[in-house]
1. Restricted to segment 172-220, and to residues that are crowded, with 23+ Cβ neighbours inside 10 Å and β-branched (Val, Ile, Thr), which residue is nearest to the chain's Cα centre (by Cα)?
2. For PHE55, state whether it is without any contact (Cβ under 8 Å) to a residue 60 or more places away in the chain and either among the hydrophobic types (A, V, I, L, M, F, W, C) or surrounded by 12 or more Cβ atoms within 10 Å (Cβ to Cβ) (or both).
3. Considering each residue of segment 123-146, count those that are touching a strand residue (DSSP E or B) at 6+ places or on another chain (Cβ under 9 Å) and either farther than 19 Å from SER213 by Cα or open to solvent by 20 Å² or more (accessible area, probe 1.4 Å) (or both), and give that number.
4. When you scan segment 1-19, how many residues do you find that are surrounded by 12 or more Cβ atoms within 10 Å (Cβ to Cβ) and either β-branched (Val, Ile, Thr) or at pLDDT 95 or above (or both)?
5. Looking at ALA226, is it buried (at least 19 other Cβ atoms within 10 Å of the Cβ) and not in a strand (DSSP E or B)?
6. Failed condition for HIS267, given (1) out of contact with any helix residue (DSSP H, G or I) (no Cβ under 9 Å at 6 or more places or on another chain); (2) part of a strand (DSSP E or B), with all others met?
7. Looking at segment 169-180, can you tell me whether even one residue there is free of Cβ contacts under 8 Å to residues at least 12 places away in the same chain and polar (S, T, N, Q)?
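The values are calculated or read from the model by the stated rules, or taken from the named source; none is laboratory data. From a predicted model like this one, the values you see are computed outputs, not experimental measurements. With ideal geometry, Cβ positions are generated from the backbone for all residues, glycine too; neighbour counts draw on all protein chains shown. These area figures cover heavy atoms from the full protein model, side chains too; ligands, DNA and RNA do not enter into them. Shrake-Rupley method; radii C 1.70, N 1.55, O 1.52, S 1.80 Å.
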Amino acid sequence: QPGAGSVGNLVCGYHQWTYRPDGELIYASAAEEGFDKNCYSLRKVAFRVISGLIFINMSDEPNTDIDPVAKIVEPYFDAHQLGRAKVAKQIDLIEEGNWKLTLENNRECYHCDLHPELGCTYFITWGYPEDQIPPHLQDVHQRYLAAEAELEEKCIERGIHYKGNEQLDTRVFGFRVQREALDGEGESYSLTGAKLVNKLLGDFDDAKLGRLSMHTQPNFWCHFMADHAITFAVLPIAPGRTLVRTTWLVHEDAVEGVDYNVDDLTHVWRETNNQDAHFVELAQKGVTDPAYVPGPYMPSEYQVNAFCNWYLDRINDYIEEG
């Protein structure tokens, strides 16, 4: 399919310049005498693989903070064995807003009441301080506490990492990782909470293991369940336009139409992403209005504040270095 596949060399579809997989230019048609192919190789980029997730850094001098973070988060993800997974579906969505608004929307659940499909399984009390749960969410919170207790017992029994580790604005590669319970059947992101893929990832013997979630600064988050994994990448394409790429992964031996149905697998997050795209578009219109005055963050939005702190720190680092 377009944009995917495997080839021995890379060939430009425009003028047929040809590169080796390592980026070395080996053929340039109609080049003049003295043309030095060594001067026109593809640019190299730094990357780091963490439990099957590939992180790319476009900087000429990439930071090394990802290395100690990898040691922290790999024990959480290794049990899912992403190396034995395959892509079931990938969807690109263009949001009509600045990428920072997309990230701010992702880093809080203050608005999660407006996600009916997600709310079937995702505890929408996420991010609220224990003593500030709204009255209308008290029943949800009690279910969350019971589900968390059950999940903790299962994780301890299986030696699975689950405790939260949050370092969002105290390091260059800011991150948050934690395994948390799901509502309903507690197995997956479906309308009932039941698993969506019969073939579980890795060597899991139980589908009811909640969601392992991580987000990193500045443009990534993911959810790993026992039956499938979902990754999200945020790519700025213009000051007021953002591409959100969502990828669903299943076990390499899972058979479409037998072990899973793509529409069912992607339903909750297709709906949720579309809803979030609408919210981001509204926010973009708001912040670009001449009369716009920012309001305060609520306590449940502390991770949004952490994202802003992280962003300002990186800007200040750039100014000091320049």
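1. Taking the candidates together, the pick is VAL177.
2. Considered against the rule, which asks whether it is without any contact (Cβ under 8 Å) to a residue 60 or more places away in the chain and either among the hydrophobic types (A, V, I, L, M, F, W, C) or surrounded by 12 or more Cβ atoms within 10 Å (Cβ to Cβ) (or both), PHE55 comes out as no.
3. Of the residues in segment 123-146, the ones touching a strand residue (DSSP E or B) at 6+ places or on another chain (Cβ under 9 Å) are 123, 126, 144.
Still in the list and also either farther than 19 Å from SER213 by Cα or open to solvent by 20 Å² or more (accessible area, probe 1.4 Å) (or both): 126, 144.
Going through segment 123-146 one residue at a time, the tally reaches 2.
4. Qualifying residue count for the region: 4.
5. Values: buried (at least 19 other Cβ atoms within 10 Å of the Cβ): yes; not in a strand (DSSP E or B): yes.
Yes.
6. HIS267 satisfies every listed condition except (2).
7. Taking segment 169-180 first, the residues free of Cβ contacts under 8 Å to residues at least 12 places away in the same chain are 170.
Right, trim to polar (S, T, N, Q) and you get 170.
Among the residues of segment 169-180, at least one is free of Cβ contacts under 8 Å to residues at least 12 places away in the same chain and polar (S, T, N, Q), which makes the answer yes.
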